[in-house]
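See structure below.
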């Protein structure tokens with residue numbers, strides 16, 4: 001049977017913090033299995049991870065994305081042409 | 001005096017109040033947009049908000065004005081955010097976990113999109129749910 005490692009052992013091998021290993025697992029970058037509620041990593045998966053590891057390019061990161069060249073609103077905006085253009089017949093709040 | 005960010009997220013009620021001169025908040029909305037223009041704010045909105053506004057104008061005012069609204073929005077200087085799958089999932093999670101049943105999916109999505117882009121002020125005339133520390137934008141008078 002293949003050798004299984006726990007999070008601490010995997011962290012020791014990769015020389016990172018155990019939380020980093022957990023993060024990699026949550027992000028799906030490192031495959032792991034659960035045995036009796038505990039996380040175990042197959043040795044072969046860890047070796048594959050070492051081989052194939054590449055950082056996520058910044059374009060794929062989700063959080064705190066910035067829109068490039070955000071447009072600035074000014075008084076010449078065509079939206080002002082719509083100001084008061086219509087009147088609804090229902091009483092709106 | 002605290003320095004306020006010049007990024008504001010516009011909700012559907014803000015757009016609608018500007019277009020509808022019979023709206024209670026029409027004058028307010030006009031003043032807000034004038035202020036944004038003078039102070040060169042960066043305004044954001046999302047495609048769902050635009051769709052909601054379009055539908056409301058279509059139903060309550062006129063289809064031709066609704067079309068004009070769309071044309072104007074896409075020509076103008078308001079930054080339109082297009083949500084991705086992750087944004088929808090986060091909005092659903094927020095909606096499910098929030099205690100109040102009055103939070104709608106649209107509001108939840110707006111809060112998520114604003115939060116992910118570091119926008120803390122929302123311009124709306126509706127009730128704003130306290131999500132991610134966001135606040136309603138008020139004119140600094």
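Does the range B:81-117 hold any residues that are at the interface with chain A (Cβ under 8 Å from one of its Cβ atoms), in contact with a strand residue (DSSP E or B) (Cβ under 6 Å, 6 or more places away or on another chain) and either touching a residue at least 60 places away in the same chain (Cβ under 8 Å) or part of a helix (DSSP H, G or I) (or both), and which are they?
none
So which of B:53, B:42 is in contact (Cβ under 8 Å) with a residue 12 or more places away in the chain, crowded, with 20+ Cβ neighbours inside 10 Å and under 13 Å from the mean Cα position of the chain (by Cα)? Steps first, answer last, please.
Values: B:42 fails: crowded, with 20+ Cβ neighbours inside 10 Å.
That would be B:53, the only listed residue that is in contact (Cβ under 8 Å) with a residue 12 or more places away in the chain, crowded, with 20+ Cβ neighbours inside 10 Å and under 13 Å from the mean Cα position of the chain (by Cα).
What number of residues in the range B:63-80 are within 7 Å of chain A (Cβ to nearest Cβ) and either assigned to a strand (DSSP E or B) or out of contact with any helix residue (DSSP H, G or I) (no Cβ under 9 Å at 6 or more places or on another chain) (or both)?
1
Out of all the residues in the range B:7-40, which are more than 21 Å from residue B:118 (Cβ to Cβ) and part of a loop (DSSP other than H, G, I, E, B)?
Within the range B:7-40, B:21, B:22, B:23, B:24, B:25 qualify.
Which of the residues that make up the range A:31-49 are surrounded by 13 or more Cβ atoms within 10 Å (Cβ to Cβ) and not in a loop (DSSP other than H, G, I, E, B)?
Step one: list which residues in the range A:31-49 are surrounded by 13 or more Cβ atoms within 10 Å (Cβ to Cβ), which gives A:31-32, A:39-43, A:45-46, A:48-49.
Of everything in the range A:31-49, those that are surrounded by 13 or more Cβ atoms within 10 Å (Cβ to Cβ) and not in a loop (DSSP other than H, G, I, E, B) turn out to be A:39, A:40, A:41, A:42, A:43, A:45, A:46, A:48, A:49.
None of the figures in this text is laboratory data; all of them are computed from the coordinates on show. Owing to the predicted nature of the structure, the values given are computational and were not obtained by experimental measurement. A quick note on method: Cβ atoms are made from the backbone with ideal geometry, for glycine too, and the neighbour counts reach across all protein chains shown.
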